1. Of everything in segment 297-323, what is within 16 Å of the ligand (Cβ to nearest atom), in a helix (DSSP H, G or I) and of a type outside the set (A, V, I, L, M)? Give them in sequence order.
2. Let me confirm something: among K294, K324, which residue is of a type in the set (D, E, K, R) and loosely packed, with under 13 Cβ neighbours inside 10 Å?
3. For the subset of segment 1-54 comprising residues that are surrounded by fewer than 22 Cβ atoms within 10 Å (Cβ to Cβ) and polar (S, T, N, Q), which member is nearest to F127 (Cα to Cα)?
4. Applying the selection to segment 69-94, what residues are away from the ligand (no atom under 16 Å from the Cβ), buried (at least 22 other Cβ atoms within 10 Å of the Cβ) and among the β-branched types (V, I, T)?
5. I need the full set of residues from segment 12-26 which are closer than 13 Å to I53 by Cα and touching a strand residue (DSSP E or B) at 6+ places or on another chain (Cβ under 7 Å), in order please.
6. For V315, all conditions in the list (1) open to solvent by less than 40 Å² (accessible area, probe 1.4 Å); (2) over 15 Å from P74 (Cβ atoms) hold save one; what is the number of the exception?
7. Kindly establish whether G220 is in contact with a Lys or Arg (Cβ under 7 Å, 6 or more places away or on another chain) and closer than 30 Å to K336 by Cβ.
8. Looking at segment 176-275, what strands (runs of 3 or more DSSP E) fall wholly within it and have at least 3 residues that are within 19 Å of D40 (Cβ to Cβ), open to solvent by 40 Å² or more (accessible area, probe 1.4 Å) and within 16 Å of the ligand (Cβ to nearest atom)?
Amino acid sequence: MSEKVVLAFSGGLDTSISVSWLMKKHNLDVITATVDVGQDEDFEAIEKKAYAIGASKHYTIDAKNEFITDYIFPAIKSNALYQNKYPLATALGRPLIAYKLVEVATKEGTKIFSHGCTGKGNDQARFDVTLRSVLSDAKIIAPVREENMSRDEEIEYAKDLNVSIEKKSQYSIDENLWGRSIEGGILEDSYEEPPKDIYKWIDIESNLPTKYLEIDFSDGIPVSIDGVTDSLQMINHLNTVAGQYGIGVVDHMEDRLMGIKSREIYEAPAAFTLIEAHKDLEKLVLTRNELEMKSLLEQKWSWMIYSGLFVDPLVNAINSFINKTQERVNGTVKLKLKNGSLTVVGRKSENSIYDQNLSSYSSSSNFNQTFSKGFIEIWGLQSKFNEGDKK
Ligand code: ARG
């Protein structure tokens, strides 16, 4: 009897050819697992396909709520944007998928895993590092990476093996609740404007009447958006509404873990809106020093997640700092949406440290301006020694 392997199966080209590769080249019994992290897919069709191409057993695992609570919420608290742009949708989803593979493998009594990642991207690191953090002796087979296959070679291989592949778009697309990424094809030309038909969530020519949106936060996480209070519905609602208003398109040059630069397009209406609103509320309730330190740690957090180190102890340590600050991030943010622009137009909080009386230019202010003269004398003390610029 052959040994079992658990393969992360999306139903796409890479994972489909992996099924037959694992059977034919490695003589393994292939168990496929598809994890639902909010991608818009027909999971029954994926299951059928898995069996049709040789899987002996298939699992479909709904992990949407876990994805929100344990991955998306920490990302909101961390205002997580890799290179100030990418909300990390795929990067956050991969460790969760890896954990689900381990659950399946434990049930099935195997320590052999497989995924369809190439050797050029970041996803291989996210899968491998997470799997090995739970099972240090896990064996991981990544057929596309091992065979150094190009996409064209994969298509040829699929034909030879009679693996049915749908007419594939020129793009490599990944999708979950936190965003949709589009890479490859004509987009590889960094100067080429993305064709309109690559967008699925966002109306880039939106011309709807102005809409106001209120988001309530409690301990740094959204608890009500536009009156919607269920977490999954909130994110879906925001992806739909902000998407209709053209909010959340990213087009940037990204530095991958392996040192390769790549041109990436993202659609992330909910992520973009929530992070904008959350950042704004933090500025009402946190001190300047807290904000400064937090912003440094946010950069580090985003890099750790991006580069596959979600399980690293540093991430936990940063989370502790961030969670402490979030105890005061309670309140409401008012946003205005119009033609691709999102503007925060109001914020309020029971923890606000904004004192209108202090900042006001009106005569009623109780700030003693006479103290400022002495403070500035001392503040600028050493700046007087800048001899070079003296006239
Ligand atoms: N560049 C993004 C990232 O590294 C998107 C990756 C999408 N993955 C994919 N297999 N298409 O997270």
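1. W301, S302, W303, Y306, listed by residue number.
2. The conditions single out K324.
3. For segment 1-54, the residue satisfying everything is S10.
4. The answer is I76, and nothing else.
5. T15, S18, V19, L22, M23
6. Looking at each condition in turn, V315 falls short on (2).
7. yes
8. none
The values are calculated or read from the model by the stated rules, or taken from the named source; none is laboratory data. Keep in mind that this is a model prediction, so the values were computed, not measured. Neighbour counts run over all protein chains shown; Cβ positions are idealised from the backbone, glycine included. For the accessible areas, the whole protein counts, side chains as well, though only heavy atoms, and no ligand, DNA or RNA atoms are used. Shrake-Rupley method; radii C 1.70, N 1.55, O 1.52, S 1.80 Å.
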